[in-house]
Amino acid sequence: MCECARAVTEEKLRKVAGLKVDVNNMTECALCNKKIGNSALVRDPQSQNLMHVFCYENSIEAATMQ
């Protein structure tokens, strides 16, 4: 990896690491609309929505099958 690409990647990581996401007992998954609670979650990079990891992985799998 060239030094320029490395610098760009490191800058992107710094920005992402600084993001704060508030999750409470009312936070719902954007895909199944169930409460996230203490479940593992992911923030979709495009829509910024929060969802269960399981729901996200299933949506990616379904999209690749089409």
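Only one of (1) in a helix (DSSP H, G or I); (2) modelled with pLDDT of 80 or more fails for L31. Which number is that?
(1)
Take the residues in segment 8-59 that are hydrophobic (A, V, I, L, M, F, W, C) and open to solvent by 80 Å² or more (accessible area, probe 1.4 Å), then tell me which one is farthest from the chain's Cα centre (by Cα).
In this case the residue turns out to be M26.
So which residues in segment 1-28 are modelled with pLDDT under 85 and part of a loop (DSSP other than H, G, I, E, B)?
Correct list: M1, C2, G18, L19, K20, V21, D22.
Given the structure, is A62 surrounded by fewer than 10 Cβ atoms within 10 Å (Cβ to Cβ) and modelled with pLDDT of 90 or more?
Against the criterion (surrounded by fewer than 10 Cβ atoms within 10 Å (Cβ to Cβ) and modelled with pLDDT of 90 or more), A62 does not qualify.
The values are calculated or read from the model by the stated rules, or taken from the named source; none is laboratory data. Note that the structure is predicted; figures quoted are calculated from it, not measured. As a convention, Cβ positions derive from the backbone with ideal geometry for all residues, glycine included, and neighbour counts pool all protein chains shown. SASA here: full protein model, heavy atoms, side chains in, ligands and nucleic acids out. Shrake-Rupley method; radii C 1.70, N 1.55, O 1.52, S 1.80 Å.
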